[in-house]
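See below for the structure under consideration.
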């Protein structure tokens, strides 16, 4: 099994892959969020999430992909956050892999923390599997978002 450090999460055109090859997708990227924040009282908030990310090119089958992550979350001050959604990652050839994510809490820095897994794919990502954990921190004033991921993607 050959692994690559994250920015590996997302695939560029023309990069070859071997069946059953597993790629380490651990690392960080930045993106932009267009979230809607809906107050539900003094200490409770609903957030409609929509973030877009682009992975840097690192020469692996998962470099340069664009990701659209959408979902919903509720935050209760002092009690943390919970939510879920889906990310769809697409390469330059139009092939995608996708899967759900779940927020299970927050870090002391107020980043959301959760798990993700691959539930399907198209083209070269058909039959893909994998998963891991993530943290995501978004500046609600300007939408700048940082996504830190741990995990792997296996291409079948």
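No lab work stands behind these numbers, since they all come straight from the coordinates. The structure presented is a predicted model; accordingly, all values stated were derived computationally and were not measured. When we count neighbours, we look across all protein chains shown, and the Cβ atoms used for this are built from the backbone with ideal geometry, even at glycine.
Before moving on, here are some points about what is shown:
- Kirkwood-based shape ratio for segment 71-156, expressed as Rg/Rh from alpha carbons: 1.03
- Contact order relative to length of the chain, as percent, for alpha carbon pairs under 8 angstrom and 6 or more apart: 24 percent
- Whole-angstrom Cα spans of the chain along principal axes, big to small: 53, 25, 23
- Projected over every direction and averaged, the convex hull enclosing the alpha-carbon atoms of segment 49-116 yields 5.1 nm².
- Potential extension, residue 150-residue 137 segment - 0.36 nm per residue separation minus Cα distance: 3.2 nm
- Burial ranking of peptide ranges 21-28, 39-46 (average Cβ count within 10 Å, highest at the top): 21-28, 39-46
- Average Cα contact separation per residue, segment 55-112, under 8 Å, 6 or more apart, as relative contact order %: 27 percent
- Based on Cα contacts under 8 Å between residues 6+ apart, segment 94-148 shows a relative contact order of 30 percent.
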